[in-house]
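Report on one structure; see the data block that follows.
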Amino acid sequence: MTDEEKRVMELINRIAPMLAGQGPHVQSAVLADLLAMWLAGHLASEAREQVLANHIAVVRELTKINARELHGEN
């Protein structure tokens with residue numbers, strides 16, 4: 001595991017408990033606002049749509065992986 005991957009996992013492990021038990025509407029709102037802040041704060045407006053599309057593609061792939069790990073889904 002690279003140093004960057006370790007940092008990612010450390011942050012996930014710190015953030016996940018903060019969201020746990022908050023309910024899907026609250027979790028969704030928090031994640032949506034954080035993503036919007038990231039897009040608005042770090043990207044020129046022309047790049048946002050493509051970066052968002054790429055991000056959603058990664059989320060779709062990670063959803064498959066997490067569904068397998070959490071629920072045994074294929």
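Numbers below:
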item	result
Where GluC sites (Glu not before Pro) fall in DSSP loop in the chain, at most 15 other Cβ within 10 Å	73
Accessible surface of the chain, 1.4 Å probe, proportion on carbon and sulfur as whole %	60
Heavy-atom accessible area per residue - the chain, 1.4 Å, Å²	86
Inter-label distance for residue 63 and residue 25, nm, one decimal - labels placed 7 Å from Cα along Cα-to-Cβ	2.1
Helix 24-42 axis, angle to the chain major axis (alpha carbon atoms, nearest 10°)	40
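The values are calculated or read from the model by the stated rules, or taken from the named source; none is laboratory data. All of these numbers come straight from a predicted model, not from anything done at the bench. Please note: Cβ atoms are built from the backbone with ideal geometry, for glycine as well, and neighbour counts cover all protein chains shown. Keep in mind that these areas ignore ligands, DNA and RNA; they rest on the heavy atoms of the full protein, side chains included. Shrake-Rupley method; radii C 1.70, N 1.55, O 1.52, S 1.80 Å.
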